[in-house]
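**Q** Sending over a structure as structure tokens; questions will come in a sec.
Read-outs throughout are calculated quantities, based only on the coordinates presented, and are distinct from any laboratory measurement. Because the structure is a prediction, the values reported are computed rather than measured. FYI the Cβ positions are ideal-geometry reconstructions off the backbone, even for glycines, and counts take in every protein chain you see.
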Ligand SMILES: [Zn+2]
Ligand SMILES: [Zn+2]
């Protein structure tokens, strides 16, 4: 069953909707990586974005289904490392929206659930996008059962990516320019000093 889900930044200036969300049309994962953790601290939203172990819940969707209806002027974007993903958020109240690849083209958006009004660990998120399929980017040794979950999750994601590409072609909405596929905001880069200060908060 799919559902249209409202999106809002915390202060309400940016509003939007995710169309046709369901467990089948999304990929719910957890990410323990340093980039996701320092991003949460960069925004000052660790309590809203990270669980007790420092993991971020993220659900990956076709970006064309993520519509920004109001407050596009508050959209900002940062890269925690020079080669890291583009992390899109609102500069009015530092609400994360989602992460994309550096250029448009590949239809891929990893949404941070707090923009739907829920923390990643809330049961409401499971109701929207199903349970966590696996932990992505896990560095610690994994059991065979955990590895199997990752492979299952990756197979699901590959099927989705293929379908999104076939259905929509080259992706650009809502974060990239249609013709150049470049981001519609210049990504902020983190200074070495800032990066070091953030790294100290990472677990
Ligand atoms: Zn806001
Ligand atoms: Zn991550």
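**Q** Looking only at the stretch 1-50, how many residues end up being more than 16 Å from ligand 1 (Cβ to nearest atom), closer than 21 Å to residue 174 by Cα and in contact (Cβ under 8 Å) with a residue 60 or more places away in the chain?
**A** Number satisfying all stated conditions: 9.
**Q** Something else about it: Which ones in the stretch 87-101 are near ligand 1 (Cβ under 9 Å from one of its atoms), in contact with a strand residue (DSSP E or B) (Cβ under 8 Å, 6 or more places away or on another chain) and not in a strand (DSSP E or B)?
**A** Correct list: 91 only.
**Q** Looking at the stretch 161-188, which of its residues are in contact with a strand residue (DSSP E or B) (Cβ under 6 Å, 6 or more places away or on another chain) and under 30 Å from residue 53 (Cβ atoms)?
**A** Scanning the stretch 161-188 gives 175, 187, 188.
**Q** With 104, 84 as the choices, which residue is over 16 Å from residue 7 (Cα atoms) and either more than 13 Å from ligand 2 (Cβ to nearest atom) or in contact with a strand residue (DSSP E or B) (Cβ under 6 Å, 6 or more places away or on another chain) (or both)?
**A** Checking each option against the conditions leaves just 104.
**Q** Among (1) under 23 Å from residue 80 (Cβ atoms); (2) in contact with a helix residue (DSSP H, G or I) (Cβ under 6 Å, 6 or more places away or on another chain); (3) away from ligand 2 (no atom under 16 Å from the Cβ), there is one condition residue 46 misses while meeting the rest; what is its number?
**A** Of everything listed in (1) under 23 Å from residue 80 (Cβ atoms); (2) in contact with a helix residue (DSSP H, G or I) (Cβ under 6 Å, 6 or more places away or on another chain); (3) away from ligand 2 (no atom under 16 Å from the Cβ), residue 46 misses just condition (3).
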